[in-house]
Amino acid sequence: MLILDSVHTYYGHIHALKGISLTVNQGEIVTLIGSNGAGKTTTLNTISGVLPARAGAIYLQENARSGGPPAHPGRANDSDIRLDQLPAHQVARLGVSQSPEGRKIFARLSVQENLAMGAFARADADGISQDLERVFQLFPRLQERLSQPGGTLSGGEQQMLAIGRALMSRPRILLLDEPSMGLAPILVQQIFQIIREINAQGMTILLVEQNAQAALHIANRGYVLETGNIVLSGDAQDLLADPQVAEAYLGI
């Protein structure tokens, strides 16, 4: 569904992404792991158009297929869409939705208004109502807090709201940036269980997460980023068993 082909991103003169290439197949959970400053959030922001790619290409595949490796790994087809040539709002309209690091909910808006903002580009009232019910099924706590300002929610509730808001755009691929950040262990388990459930409903997910062990346990595949370079990739279970990953990222 998604192809990054030798993508370079800069912050001024700082070379943040140094030619990374990766793929996300339809229906997968793919995780990016790495230490602080490795380029994980930069990767998601480049995909979503918040940061421009200075070189390389990002493709959204129109005819993505489910299961197995891509037919042409790292290669795009004529029908694919170049996301890196589009502004962020057009990328969002094409079905790429991001739940950002730090949640970034609208603190003064109510829970209901925050969720409505996730559907700002949609005009299908019936579909919006259906997706709102789906969000409430995933996060019953949000339905209990509908009129409450987003800024008064607990950290876990704010994370639920950020993911729910992203789902309200009915995306084709969901970008999750550090969903467990700052949460108590029991809430971390709950959030990762919900991510599994969202994926089981058919959502393709690209997950950035410092809790590498939790991320690899729910992912199909993973990529390891170090200072803007992908240094390792493979099946998530293989990465869990890799001594290099275990020592550097799993605390083993």
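The amide H of SER154, built 1.01 Å from its N in the peptide plane, has no neighbour under 5 Å, considering only residues 5 or more places off or on other chains. Amide H contacts for GLU226 (H built 1.01 Å from N in the peptide plane; partners 5 or more residues away or on another chain; cut-off under 5 Å): VAL231. Projected onto its three principal axes, the C-alpha set of the stretch 206-250 covers 24, 24, 17 Å, listed from the longest axis down.
For ALA55, the residues 5 or more places off, or on other chains, whose built amide H falls under 5 Å of its own are HIS8.
Compute the long axis of helix 125-138 from its Cα atoms, compare it with the longest principal axis of the Cα atoms of the chain, and write down the angle in degrees, 0 to 90, nearest 10. Its long axis makes an angle of about 80 degrees. Among GLU197, GLU226, GLU178, the largest mean-square fluctuation in a Gaussian network model of the chain, built with springs joining Cα atoms closer than 10 Å, belongs to GLU197. Applied to the stretch 32-42, the Karplus parametrisation 6.51 cos²θ - 1.76 cosθ + 1.60 on θ = phi - 60° returns per-residue 3J(HN,Hα) values of 10, 10, x, 6, 4, x, 6, x, 5, 5, 4 Hz, with x for Gly and Pro.
Counting only alpha carbon atoms, the long axis of helix 185-200 and the longest principal axis of the chain meet at about 80°. Residue order for LEU161, LEU183, fewest other beta carbons within 10 angstrom first, comes to LEU183, LEU161. Of interest is the spacing of the C-alpha centroids, which for the stretch 128-149 and the stretch 16-49 amounts to 29 Å. By the beta-carbon count within 10 Å of each Cβ, the least crowded to most crowded order of PHE120, PHE192, PHE139, PHE106, fewest first, is PHE120, PHE106, PHE192, PHE139.
Note on LEU32, LEU146, LEU138: ascending count of other Cβ atoms within 10 Å places them as LEU146, LEU138, LEU32, the fewest first. Evaluating 6.51 cos²θ - 1.76 cosθ + 1.60 at θ = phi - 60° for every residue in the stretch 163-168, the Karplus couplings come out as 5, x, 4, 5, 5, 5 Hz, glycine and proline recorded as x. Selection among LEU44, GLN201, LEU240 by position relative to the dipole of the chain gives LEU44 as farthest towards the positive end (Cβ unit charges, Cα centre).
What is the sum of charges, Lys and Arg at +1 and Asp and Glu at -1, for the other residues whose Cβ falls under 13 Å from the Cβ of GLN244?
Spelling it out: positives minus negatives among the neighbours equals -4.
The residues packed around ALA88, meaning those with a beta-carbon under 15 Å from its beta-carbon, carry a net charge of +1 if Lys and Arg are +1 and Asp and Glu are -1.
When Rg and Dmax are taken over the Cα atoms of the stretch 104-170, they come to 10.7, 31 Å.
Whole-Hz Karplus values for the stretch 220-233 come out as 7, 9, x, 10, 9, 9, 9, 6, x, 10, 7, 9, 7, 7 Hz, taken residue by residue from phi with 6.51 cos²θ - 1.76 cosθ + 1.60 and θ = phi - 60°; glycine and proline positions read x. Charges were assigned to the Cβ only: +1 to each Lys and Arg, -1 to each Asp and Glu. The resulting dipole of the stretch 104-170 about its Cα centre is roughly 240 debye.
Just so you know, all these numbers are worked out from the coordinates, no wet-lab data involved. On a predicted model such as this, the values are computed, not experimentally measured, just so you know. In this analysis, Cβ positions are derived from the backbone assuming ideal geometry, glycine residues included, and neighbour counts consider all displayed protein chains.
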